[in-house]
């Protein structure tokens, strides 16, 4: 997924759409751990527990099916 860093007030940030927030089960106010790795890779890990791979895959399939037309138009 490609996101663009945008100006938000006097700061910069990434906007996460509702489908992504639902997929990772995050909501406004949740805390995430931010890690910067060698080579500039950044990972965000929710602090409210991790999501099991099978649950993430099931949720992703459900969201993709539910929003298929939207994803087709965005592609």
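Just so you know, all these numbers are worked out from the coordinates, no wet-lab data involved. Nothing here was measured: the structure is a model prediction, and the numbers come from that model. Cβ placement follows ideal geometry from the backbone for every residue including glycine, while neighbour counts extend to all protein chains displayed.
What is the fewest-to-most order of 16, 71 by other Cβ atoms lying within 10 Å of their Cβ?
71, 16
Which residue, 18, 56, 38, has the most motion in a Gaussian network model of the chain that connects Cα atoms within less than 10 Å?
38
One-quarter of the Cα convex hull surface for the range 6-74, in nm²?
Here the figure is 6.5 nm², rounded to one decimal.
Using label points projected 7 Å from each Cα along Cα→Cβ, tell me how many nm separate residue 69 and residue 48, to one decimal.
3.0 nm
Say we join alpha carbon atoms closer than 10 Å with springs in a Gaussian network model of the chain; which of 47, 26, 14 then has the biggest fluctuation?
For the chain, modelled as a Gaussian network with Cα springs under 10 Å, the answer is 14.
Where in the range 44-75 does the label zone of residue 35 land, with the point 7 angstrom along Cα→C-beta and an amide N cut-off under 15 Å?
Residues 44-51 qualify, since their backbone N sits under 15 Å from the label point.
With each run of n ≥ 4 DSSP H residues scored as -39500 (n - 2.57), what mean residue ellipticity at 222 nm is computed for the chain after dividing by its residue count and rounding to the nearest 500 deg cm²/dmol?
It lands at -10000 deg cm²/dmol.
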